[in-house]
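Written out below as structure tokens is the structure these notes cover.
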Amino acid sequence: MTIRTTGTAAVTFTAYYVQDSFQNRYSSVGWSGPTIPVNVSLVVNVTIDGRAFTFQPRTSYSVVMLTAKNNQFTFTVITS
């Protein structure tokens, strides 16, 4: 994903969750995600293990990313 900060402070990501429409969830809570400076776009990779959770074609997923300040950002991803 490409994420751009538009606020007044840098954002540091610390965890993410990916959930499908059946409520299956993959989580990475000890993630050392990137810090994105103000008004900068950065590519952020969300890695899934492929064993406990896999992306399926033509399926919608919610990606929730948590910051060091415990803010939450939610994205919807639809696979082709």
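The values are calculated or read from the model by the stated rules, or taken from the named source; none is laboratory data. Since the structure is predicted, the reported quantities are computational estimates derived from the model, not experimental observations. Cβ placement follows ideal geometry from the backbone for every residue including glycine, while neighbour counts extend to all protein chains displayed.
If you check PHE13 against the conditions, is it surrounded by 13 or more Cβ atoms within 10 Å (Cβ to Cβ) and modelled with pLDDT of 90 or more? Spelling it out, PHE13 is indeed surrounded by 13 or more Cβ atoms within 10 Å (Cβ to Cβ) and modelled with pLDDT of 90 or more. Do any residues in segment 53-80 that are closer than 15 Å to THR2 by Cα have Cβ atoms under 7 Å from those of residues that are at pLDDT below 90 and surrounded by 11 or more Cβ atoms within 10 Å (Cβ to Cβ), where the two are at least six apart or on different chains, and which pairs are they? Cβ pairs passing all conditions: VAL63/VAL46; PHE75/MET1. Of all residue pairs spaced 6 or more apart or on separate chains, those with beta-carbon atoms under 6 Å, a first member in segment 18-33 that is under 17 Å from THR76 (Cβ atoms) and a second member that is among the basic types (Lys, Arg) and surrounded by 10 or more Cβ atoms within 10 Å (Cβ to Cβ) are GLN19/ARG25.
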